[in-house]
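Visitor: The structure follows.
The values are calculated or read from the model by the stated rules, or taken from the named source; none is laboratory data. What you see is a predicted model, and the numbers here were worked out from it, not measured in a lab. Quick reminder, even Gly has a Cβ in these numbers, built from the backbone with ideal geometry, and neighbours come from all protein chains shown. Only protein heavy atoms, including side chains, enter the accessible area calculation; ligands, DNA and RNA are left aside. Shrake-Rupley method; radii C 1.70, N 1.55, O 1.52, S 1.80 Å.
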Amino acid sequence: MRLNLIVIISGLIIIIICTYIILNNNYKINNNLNNSSVDLNLTTNLTQIDTIEPNNSFTIPPNDYVINHINWSSYPNLQTGYVYTACISEPTDVIPYKFLEVEIVTEVKNTENKTIIKEQLAGVAKEAKKIYGPGSSIDIIGTKDGIARWFASILPYEDKIR
């Protein structure tokens, strides 16, 4: 019960952080567009966002399929995880279309090196994104002794790890 509460609270914190990051980036983009020097990368990203045609029908693969198709042996400091949440979420202020919301929890073992942990969590997030598809929001939660300590997230129709 305690682990479930911790994971739920951690998930909410992740959503709040992602919302802050997105809103902050939108503010920076709007300010840059008002100035005469617009970064080419920002223009490219805006074009990609404008061309998204979100899919309103999703198929959620079985949890066992997802976990069994992540190459956990590539991540020696992570135990085989489990799918905590996989559901279709309605549009939000941050994501204006339906998307798959996915949370996978894994226990971190044999290291306290933050760089290694973040790299391995990011690898799991990328593999999960390939399985669930581009319209999925992936959150990987790394725990130590059952306590959520590390996170890797990818928003729908993006490939940047946060």
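Visitor: Measuring from a point 7 Å past the Cα of ILE131 along Cα-to-C-beta, which residues in region 69-87 have an amide N at less than 12 Å?
Guide: 69-73, 80-86
Visitor: HN-Hα J couplings of region 142-154 from phi, Karplus 6.51/-1.76/1.60, θ = phi - 60°, integer Hz, Gly and Pro as x?
Guide: Per-residue couplings from phi come out as x, 10, 10, 6, x, 9, 5, 10, 10, 9, 9, 9, 9 Hz.
Visitor: Quickly work out the THR59-to-TYR97 label distance, labels modelled 7 Å from Cα along the C-beta direction, and quote it in nm with one decimal.
Guide: For the pair TYR97/THR59, the computed spacing is 1.9 nm.
Visitor: Also, quick follow-up: Leaving ligands, DNA and RNA out of it, rank ARG149, ARG162 by accessible area with a 1.4 Å probe, largest first.
Guide: Most to least solvent-accessible, the answer reads ARG149, ARG162.
Visitor: For THR85, enumerate residues with amide H under 5 Å from its amide H, sequence gap 5+ or separate chain, H modeled in the peptide plane.
Guide: Residues meeting the amide H criterion: GLU103.
Visitor: Could you compute how much accessible surface TYR82 exposes when probed at 1.4 Å, giving the result in Å² to the nearest 10?
Guide: Surface accessible to solvent at TYR82 totals approximately 90 Å².
Visitor: How are the alpha carbon pair distances in region 63-154 distributed across 5 Å bins from zero to the largest one, expressed in percent?
Guide: Each 5 Å bin holds this share of Cα pairs: 3, 15, 27, 24, 16, 10, 5, 1, 0.
Visitor: Here's another thing I want to ask about it. Cut-off under 23 Å on the C-alpha distance; same-chain residues fewer than 8 positions from LYS118 excluded. Which lysines are left, in chain and number order?
Guide: In chain and number order, the partners are LYS109, LYS126, LYS129, LYS130, LYS144, LYS160.
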